[in-house]
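Participant: Just dropping this structure here.
The values are calculated or read from the model by the stated rules, or taken from the named source; none is laboratory data. The structure displayed is predicted, hence computed values, not measured ones. Cβ placement follows ideal geometry from the backbone for every residue including glycine, while neighbour counts extend to all protein chains displayed. With ligands, DNA and RNA removed, areas are computed over all heavy atoms of the protein, side chains included. Shrake-Rupley method; radii C 1.70, N 1.55, O 1.52, S 1.80 Å.
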Amino acid sequence: MKEMTRREMCLGLSAVAAMGGVVEAQTPVTPASAGVLSQSRVYALDQMPVRKMANGGVSRDVLRGTLTTGEAVAVHESEQPAGMVPNPLHTIHHTEVIVVLEGTVEFEHESKSEKVGPGGVVFVASGTLHTVRNAGEGTAKYCVVQVGGDT
């Protein structure tokens, strides 16, 4: 298992703080567990449901629910093979923060194209027409935090 860098730890702790605090328990997330996220817990990688994507990638659903402050939130981790796009250009009606864990991702939005590597963060504002693509030679892995709107 790869050792976590200080940057990854800070990003992870920031995400946890934004979602309500310290983590404690270990149980898998399932659609039935969606609801109010009012208790701290751990989401272990080996207990996350895995979805196989048509492009050969995989996605792991981490959590989905509503914070006690009223915002809808969902988190998933995705792995995309080299050169692959998980979704065509699309518009979202929520906010996303995408943290790149491995590889290089190209973020296409508003007639622009920007690349970001490990430790980089993509902010996608609500209403943005966008897509992300694995722009590297190996697998790209990233974590998506969705907040509000149609999450």
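Participant: Farther than 30 Å from LEU37 by Cβ and at pLDDT 95 or above, is that true of GLU114?
Facilitator: yes
Participant: Continuing with this model, one more query. If you scan segment 35-73, which residues turn out to be part of a strand (DSSP E or B), surrounded by 15 or more Cβ atoms within 10 Å (Cβ to Cβ) and small (Gly, Ala, Ser)?
Facilitator: SER59, GLY65, ALA72, listed by residue number.
Participant: Right, something else. Among the residues of segment 74-82, is there at least one that is loosely packed, with under 15 Cβ neighbours inside 10 Å, within 11 Å of the chain's Cα centre (by Cα) and at pLDDT 95 or above?
Facilitator: No: zero hits.
Participant: When only residues in segment 106-151 that are β-branched (Val, Ile, Thr), under 18 Å from ALA74 (Cβ atoms) and not in a strand (DSSP E or B) count, which is most open to solvent (accessible area, probe 1.4 Å)?
Facilitator: THR151
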